[in-house]
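Heads up, the thing below is written out as structure tokens.
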Amino acid sequence: TEPLDLPVGKHLLVRGTVAGKQITRSFTPITPYSTRGQIQLLVKVYDKGNFTTYLDGLPIGSLVWMMGPVGSFEYEKKKYKHYGLIAGGTGITPILQIIRNVALDDSDFTRLTLLYANNMEEDILLKDELEYLKKRCGSKLDIVYVLARPPAGSHQYEKGFLTEILLKKYLPEPNRDHRILICGPPMMEKAVVEHLSSLGYPLDMYFTFTQRGLSQTITENQVSDNLLEFSMEEVSKHNHEKDLWMVIKDNVYDVTKFMDEHPGGLIILDGAGKDATSMFEEEFPHSDDARTVSYTHLTLPTI
């Protein structure tokens, strides 16, 4: 049996049918990529999470559709001297693979600083593994756990949220030898990106695994004052990954560049050349932000 050999920083798409609809989500395995014969995914099951409850309810031995590698980030040794790693909840999974890769490679002297945010101590995922890797890394790795509600009297955690003050205190300063990687809930990522911008980090110095660019101000993609109009017949011709338009709430968007920038890129193909409003509302809860700043807005269509 061959190992997965997923490039560090990449992830898998996992798809399932829930209530008659296909749903696709992104997961980064937590097993070392050299492991043969199996992979393990970290899935936090929510009562109202359609896909996580679907996975949780699958009988042992079930077949699950997966595809990869996907994603636009791949770790390269010696490319940067210091990575600031920011994770929240299950967003620790791609960060774990980067830490493990550095920890187990004695020839890699990249410095890593992890800020890992959770609500309470019992919410910290993979803590034993992280602490093992910290010992293995020595001075290459610093870990700061940030808890909204730490145990009373505890001094081993930062209390509160990922504020601008906290980021400035622990992250490597803005310069071209440093890179910031972020993975967590959309609202956390949005807040962190805003803090980084205020602290003087340029856009190309940080990367968010789950919504790259969704919270960034990209002026070239702001809505034009001279919008054109296209018919749905014209929109339907732009229906493949190298030339992809779609309609979202009566507006036409060119989302071609997004195919390589977002873990949901392949999901977007389902809406290529079509009215994708309902798909986006179901698949992408942050779609309002996405439409505002991530796509080139072309037109109000003539239907």
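Quick note: the coordinates plus some simple rules give every number you see, no bench work behind them. Remember, predicted model here, so these are calculated numbers, not experimental data. Glycine gets a Cβ as well: all are built from the backbone with ideal geometry, and neighbour counts include every protein chain shown.
A few remarks follow.
- For the pair region 90-123 and region 16-46, the centres of their Cα atoms are 19 angstrom apart.
- Mean shadow area of region 78-154 over all directions, Cα convex hull, nm²: 5.1 nm²
- Distance histogram for region 127-197 (every C-alpha pair counted, 5 angstrom bins, percent rounded to whole numbers): 3, 12, 20, 23, 23, 15, 4, 0, 0
- Nearest-0.05 FRET efficiency for Met187 and Thr277, computed from C-beta distance (R0 22 Å): 0.45
- With the gyration tensor restricted to C-alpha atoms of region 1-61, the semi-axes of the equivalent ellipsoid amount to 24, 12, 11 Å, longest first.
- Between Asp204 and Gln156, the contour length at 0.36 nm per residue exceeds the Cα-Cα span by 14.0 nm.
- Pairwise alpha-carbon distances in region 17-148 exceed 22 Å for 45% of all pairs.
- At 1.002 mPa s and 20 °C, Stokes diffusion of region 65-214 via Kirkwood alpha-carbon radius, µm² per second: 136 µm²/s
- Scaled to the globular estimate 2.2 N^0.38 Å, the Cα spread of region 66-113, given as radius of gyration, is 1.22.
- At full extension, Asn175 and Trp65 could sit 35.5 nm farther apart than now, given 0.36 nm per residue minus the alpha carbon distance.
- Estimated FRET transfer efficiency when R0 is 35 angstrom, pair Gln38-Asp123 (beta carbons, to 0.05): 0.85
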